[in-house]
Amino acid sequence: EVDNTHDYDYEELLWSELRDHLNLFGKTAYTICDERGMWLRRHSLFSKAEKHYRQMLTLFREEHVNTWMTLGFMLMRQGELQGAENAFVNCEQLIEESDYEALAYLENNLGQLAYAKGQWGIALQHHNKSLGYAIELKNEALQVSNYINRGFLHSLRGQHTYAIQQCESAISLLKNLPKTKDNLHRLCVVITYLGSTY
């Protein structure tokens, strides 16, 4: 019900009732908080979302990697690049070397951050690392994301043949993935990049 509402006062009222009783929800409590963070972001309540994620850092110590990653991504998308970088550094310090999934997502985010800072070569290095982890994990959705990002970066650098190869690799993988909203969005993006490159 909350997920579909646009009534901010209603959401705030429900949250004020819920937040003092999170301990009753066990492991689901983190999911409830994370979904609230997503709701705030979808409704462009970014300062509230930032405050919410910072509170989550004190509530869910075992979920610090995910929370720092989400906070960093949100800050990056709002152009707060230094805050995003700080969040990703905190995240990186907590990730185990064997946690390829977390490393794959972190490298992907670092690539996007480097692109936002105009460091295209460094961005490409991060996406190369992320792709390596994604292939190791057989995570095709993350592979697609990295192929798209790499294609875009190659295109910006005038390396059109490489850009086309990356876009075609993404499209090839997308054919095997379910036709979800996210995957259809990825397909639109990669076709746009491919067209721009040509």
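Values computed for the structure shown
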item	result
Of all residues making up the range 161-198, the number that are closer than 13 Å to SER145 by Cβ and among the polar types (S, T, N, Q)	3
Residue list for the range 90-110, restricted to those being more than 15 Å from the chain's Cα centre (by Cα), among the hydrophobic types (A, V, I, L, M, F, W, C) and in a helix (DSSP H, G or I)	LEU94
The range 37-71, residues that are out of contact with any Gly (no Cβ under 8 Å at 6 or more places or on another chain) and of a type in the set (Gly, Ala, Ser)	GLY37, SER44, SER47
Considering residues of the range 80-100 that are of a type in the set (S, T, N, Q) and within 21 Å of ALA116 (Cβ to Cβ) only, the residue most open to solvent (accessible area, probe 1.4 Å)	GLN82
Subset of the range 129-160 (residues that are open to solvent by 50 Å² or more (accessible area, probe 1.4 Å) and over 22 Å from LYS175 (Cα atoms))	LYS129, LEU156, ARG157, GLN159, HIS160
Residue that is most open to solvent (accessible area, probe 1.4 Å) [pool: residues in the range 1-35 that are modelled with pLDDT of 85 or more and assigned to a loop (DSSP other than H, G, I, E, B)]	LYS27
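The values are calculated or read from the model by the stated rules, or taken from the named source; none is laboratory data. On a predicted model such as this, the values are computed, not experimentally measured, just so you know. Neighbour counts are summed over all protein chains in view; Cβ atoms, including those assigned to glycine, are modelled from backbone coordinates with ideal geometry. Quick note on the areas: whole protein, heavy atoms, side chains included, nothing else; ligands and nucleic acids left out. Shrake-Rupley method; radii C 1.70, N 1.55, O 1.52, S 1.80 Å.
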